[in-house]
Amino acid sequence: MKKLKVALLGCGNVGSQVARILLDDAAVLAERTGAELELAGIAVRNLEAPRDVELPAGLFTTDAEALVDSADIVIELMGGLEPAASLIRRAIDGGATVVTGNKALLAKDLPGLAARANEAGVQLSYEAAVAGAIPILRPIRDSLAGDRITKVMGIVNGTTNYILDAMDTTGAAFDDALTKAKELGYAEADPTADIEGHDAASKAAILATLSFHAPFDLDDVDCEGITSVTAEDVAAAREQGMVIKLLAIAERLGNGSGTEGVGVRVHPTLIPRVHPLAAVHGAFNAVFVEADNAGELMFYGQGAGGRPTASAVVGDVVSAARRVVLGGPGRTEATVGQVKALPIDAVRTSYSIGLQVSDKTGVLAKIAKIFTDHKVSIETMRQSPEDVEGDAPGSASLRFVTHRGSEAALAATVADIKELSVVTAVTSVLRVEGN
Ligand code: NAP
C-alpha cells in the first residue's frame with residue numbers, strides 16, 4: 001500500500017484532535033483512502049507546552065519548513081496570516097496537497113491560493129474554515145456545481161448565536177449573556193472578533209467566493225456585529241413572532257438592467273420563528289442555501305470545537321489522499337470572476353424600525369409621509385400600550401416593519417425620520433430576512 005507522509009502544522013484545539021484521529025484510526029483511514037497516512041511530524045511553537053491529547057514526543061518539531069518539505073499532505077492548523085501563508089505556499093510549490101482551517105487567511109486570499117494550487121496541480125481543501133464540522137463547502141463546490149446558487153444565509157458564529165439565543169430564551173441583557181458565554185467557554189476572553197462580526201465576515205467571503213465562482217474578500221463584506229442588540233429588541237422581535245440571529249448573507253443581485261452582482265453582508269437579522277434558521281440554538285451553526293434547481297437546502301451542526309472541526313479536517317485529508325492515490329490534477333476552483341461585489345446599498349431587504357415618539361396627534365401622518373416620499377411601504381405597525389415601562393411620560397413606542405425595498409431607500413427613510421422633532425429616539429433598526 002502506498003504511504004503518504006502527513007505534516008501537521010499546529011497542535012492546539014483542532015490540531016491535537018486531528019493528530020489523535022490520524023494515529024488512533026490509522027487502519028480505518030488507510031482502508032478508506034487506499035494509502036497509509038503516516039503522521040510524519042507536528043510543528044509547534046513551544047515543544048514544552050501541554051497538549052489536550054497525549055502524543056509521542058518524537059513527533060514534535062519547531063522546524064515547520066523542514067516538515068513541509070518532506071510531506072505529501074500538509075495540514076495547516078496554526079491560524080493567523082503568517083507564517084501560515086508562507087508555509088502553505090511553500091507546500092503548494094513543493095507539490096504537496098494542502099488542507100487548512102484558516103478562515104482568516106482564506107478570507108484574505110482564497111482566490112490567490114486556489115490559483116496557485118491549480119497551477120501546481122495540487123489540491124487545496126478547507127472544509128473546516130466555515131462552520132466547523134458541517135459539510136458545507138464541499139456540497140457548494142461539488143454537489144451544487146451544476147446548479148445556480150442565488151442566496152446563502154448562515155449562522156456561522158457559535159459565540160454570537162449562543163449570546164442571542166440566551167437573550168431570547170432568558171430575557172438577559174447583552175452584557176450578561178456575554179459574561180455567561182465566557183464562563184461556559186463559548187466566548188474568548190477577548191470576544192471582539194466574534195461579537196463585532198469579523199469572524200462571520202471571513203466566512204461570508206469564503207462562502208461567496210465558492211457560491212458565486214468569483215473572488216470576494218473581507219473588504220467586500222458589509223459587517224455589523226451584535227453589540228447594539230438590546231433585550232428590548234429581542235423582546236420586540238418575540239412579540240412580532242421573530243427572533244434575532246447574526247446572519248452571514250451572500251446573494252445574487254440584479255439591478256434590472258442586466259448588471260449582476262453579489263451582496264455580501266453580516267448583521268443582526270430578524271427572521272420569523274418558523275424559518276429553519278430560527279431553530280438553531282446555543283452555539284450551533286447552520287447554513288441555508290437557495291439554488292435555482294435544488295431549491296432550499298439547510299446544513300446544520302457544530303460550528304467549532306476541537307473534535308468536530310477535526311472531523312472536517314480529516315475528511316478533507318482522506319478525500320485529498322484518495323486523489324493523490326488515483327493520480328490526476330488537483331480539484332479546480334471555478335473562480336471565473338464574472339460577478340462583482342456590490343455595496344450594501346444595492347441589497348433589497350426589509351427593515352424593522354423601533355421609534356419613541358411624542359404622543360401627539362399627527363405624529364403618524366408625519367412618519368407615514370416620509371415612508372411614502374422614499375417609496376417604502378409599511379407591512380405592519382404596532383404601537384405599544386400606554387405607560388410602557390421605560391417610556392417617558394407623553395411618549396409612545398412605535399415599531400414598523402417595512403416591505404422589501406432597496407437598502408439605500410430604507411436607510412434614507414430612517415435618516416429622515418430621525419430628523420423629525422416628534423421623534424424622540426430611533427430605538428432600533430434591524431433588517432428582516434426569510435419573511
Ligand atoms: P490554537 O488552539 O491556537 O492552536 C494553534 C497551534 O498552532 C498551536 O499548537 C501553536 O503552537 C501552533 N502555532 C501557532 N503559531 C505557530 C508558529 N509560528 N510556528 C509553529 N506553530 C505555531 O488554534 P485552533 O483553535 O486549533 O485553530 C487552528 C485553526 O483552525 C485556526 O486557523 C482556526 O481559525 C481554525 N478553526 C478553529 C476552530 C475551533 O473550533 N478551534 C474551528 C474552525 C476553524 P504552540 O501550541 O506551541 O503554541
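The values are calculated or read from the model by the stated rules, or taken from the named source; none is laboratory data. Just so it is clear, the structure is predicted and the values come from calculations on it, not from any experiment. Positions of Cβ are backbone-derived with ideal geometry, glycine not excepted, and every protein chain shown enters the neighbour counts. These area figures cover heavy atoms from the full protein model, side chains too; ligands, DNA and RNA do not enter into them. Shrake-Rupley method; radii C 1.70, N 1.55, O 1.52, S 1.80 Å.
Some notes on this structure:
Here's the yes/no breakdown for (1) closer than 30 Å to Glu379 by Cα; (2) assigned by the TED database to the domain that holds Asn285; (3) modelled with pLDDT of 95 or more; (4) touching a Leu at 6+ places or on another chain (Cβ under 7 Å):
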{"site": "Asp176", "(1), (2), (3), (4)": "no, yes, yes, no"}
{"site": "Asp194", "(1), (2), (3), (4)": "no, yes, yes, no"}
{"site": "Glu239", "(1), (2), (3), (4)": "yes, yes, no, no"}
{"site": "Ile244", "(1), (2), (3), (4)": "yes, yes, yes, yes"}
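- Residue count, the stretch 226-245 (criterion: open to solvent by 10 Å² or more (accessible area, probe 1.4 Å) and farther than 16 Å from Ile353 by Cα): 1
- Test result for Leu106, out of contact with any Gly (no Cβ under 9 Å at 6 or more places or on another chain), within 11 Å of the ligand (Cβ to nearest atom) and under 28 Å from Gly328 (Cα atoms): yes
- Residues (open to solvent by less than 10 Å² (accessible area, probe 1.4 Å) and within 14 Å of the chain's Cα centre (by Cα)) located in the stretch 158-174: Thr160, Asn161
- Evaluation of Val122 against the conditions (1) over 20 Å from Leu59 (Cβ atoms); (2) at pLDDT 95 or above; (3) not in a helix (DSSP H, G or I) shows that the sole unmet condition is (2).
- Residue that is surrounded by the most Cβ atoms within 10 Å (Cβ to Cβ), among those in the stretch 52-61 that are near the ligand (Cβ under 10 Å from one of its atoms) and closer than 10 Å to Gly41 by Cα: Phe60
- Among (1) open to solvent by 30 Å² or more (accessible area, probe 1.4 Å); (2) more than 9 Å from the ligand (Cβ to nearest atom); (3) in contact with a strand residue (DSSP E or B) (Cβ under 9 Å, 6 or more places away or on another chain) - the single one Val99 does not satisfy: (1)
- Considering the conditions (1) within 15 Å of the ligand (Cβ to nearest atom); (2) modelled with pLDDT under 95; (3) over 20 Å from Thr100 (Cβ atoms), Ala49 is excluded by exactly one of them, (2).
- Residues (in contact with a strand residue (DSSP E or B) (Cβ under 8 Å, 6 or more places away or on another chain) and crowded, with 16+ Cβ neighbours inside 10 Å) located in the stretch 1-22: Leu4, Lys5, Val6, Ala7, Leu8, Leu9, Gly10, Cys11, Gly15, Val18, Ala19, Leu22
- Within the stretch 125-163, being away from the ligand (no atom under 13 Å from the Cβ) and part of a helix (DSSP H, G or I) holds for Arg138, Pro139, Ile140, Arg141, Asp142, Ser143, Thr160, Asn161, Tyr162, Ile163.
- Which listed residue, of Ala27, Ala40, Ala66, is open to solvent by 70 Å² or more (accessible area, probe 1.4 Å), more than 9 Å from the ligand (Cβ to nearest atom) and of a type outside the set (Asp, Glu): Ala27
- Exactly one residue out of Val274, Val336, Val324 is modelled with pLDDT of 95 or more and either out of contact with any helix residue (DSSP H, G or I) (no Cβ under 7 Å at 6 or more places or on another chain) or open to solvent by less than 40 Å² (accessible area, probe 1.4 Å) (or both), and it is Val274.
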